[in-house]
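The values are calculated or read from the model by the stated rules, or taken from the named source; none is laboratory data. What you see is a predicted model; the values in this text were computed from it and never measured. Cβ atoms come from the backbone with ideal geometry, glycine included; neighbour counts cover every protein chain shown.
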Amino acid sequence: MNNQLENKIMDKDFIKKLIPQKDPFVMIDKLLYFDNEKVISGLKVTSDNILTSDEYFTEGGLIENMAQSIALHRGYRGYVNRGKDEKPKTGFIGSIKHATIHSLPKVGTELITTVEIIAEIMQVSLVEIRINDSEGGLIASSEMKTIIVDS
């Protein structure tokens, strides 16, 4: 597939409209790529992030960044396909497999999170996720199954 975005979306307020999470628990701030099977999100790690500790983004922050990147894919797809005023769907993580955290990113690191959909059946998605830094270094990876609870 090809990127369906005309431009990267860097407007944090718009990003927040696409996901069900609210401040201070928003762990993505950019939409860099979108197609039906893939999304790439971004996050600049800041010291005021609730999941930053001792100048590092925590393991929980990385997992939440992964989950919110999945929500961003669904939210943007809903925005494009069903309507600009539609509320983002709420979901939860059903399972996490093969989660590997290679390093904790320092404050100031730009995270690039790639989500590739392996299978989607009804309200359940199986995805592979990689978080890299802006130089391409692998920070974390996992496989997640998520379930939408809103219909």
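Considering only residues in the stretch 106-149 that are outside any strand (DSSP E or B) and farther than 29 Å from N2 by Cβ, the one that is modelled with the lowest pLDDT turns out to be V149. Test of understanding: among F14, F34, which residue is without any contact (Cβ under 8 Å) to a residue 60 or more places away in the chain and either at positive phi or not in a helix (DSSP H, G or I) (or both)? So the residue among F14, F34 that is without any contact (Cβ under 8 Å) to a residue 60 or more places away in the chain and either at positive phi or not in a helix (DSSP H, G or I) (or both) is F34. The condition of being among the polar types (S, T, N, Q) and over 16 Å from the mean Cα position of the chain (by Cα) does not hold for T58. Of the residues making up the stretch 44-67, those that are in contact (Cβ under 8 Å) with a residue 24 or more places away in the chain, outside any loop (DSSP other than H, G, I, E, B) and of a type outside the set (V, I, T) number 10. Each residue in the stretch 86-114 was checked for being among the β-branched types (V, I, T), farther than 21 Å from K38 by Cβ and either without any contact (Cβ under 8 Å) to a residue 60 or more places away in the chain or buried (at least 18 other Cβ atoms within 10 Å of the Cβ) (or both), and 2 pass. Of the residues R82, R74, the single one that is within 13 Å of the chain's Cα centre (by Cα), basic (K, R) and under 19 Å from V149 (Cβ atoms) is R74.
Could you check, for the stretch 88-96, whether at least one of its residues is closer than 16 Å to I129 by Cα and of a type in the set (S, T, N, Q)? Yes, the conditions are met somewhere in the stretch 88-96. Picking from residues in the stretch 48-77 that are within 22 Å of E128 (Cβ to Cβ) and of a type in the set (G, A, S), the one that is surrounded by the most Cβ atoms within 10 Å (Cβ to Cβ) is S69. When E128 is tested against the conditions (1) within 23 Å of D48 (Cα to Cα); (2) in contact with an Asp or Glu (Cβ under 7 Å, 6 or more places away or on another chain), the lone failure is (1). Screening I117, I70 for residues that are in contact (Cβ under 8 Å) with a residue 24 or more places away in the chain and in contact with a helix residue (DSSP H, G or I) (Cβ under 8 Å, 6 or more places away or on another chain) leaves exactly one candidate, I117.
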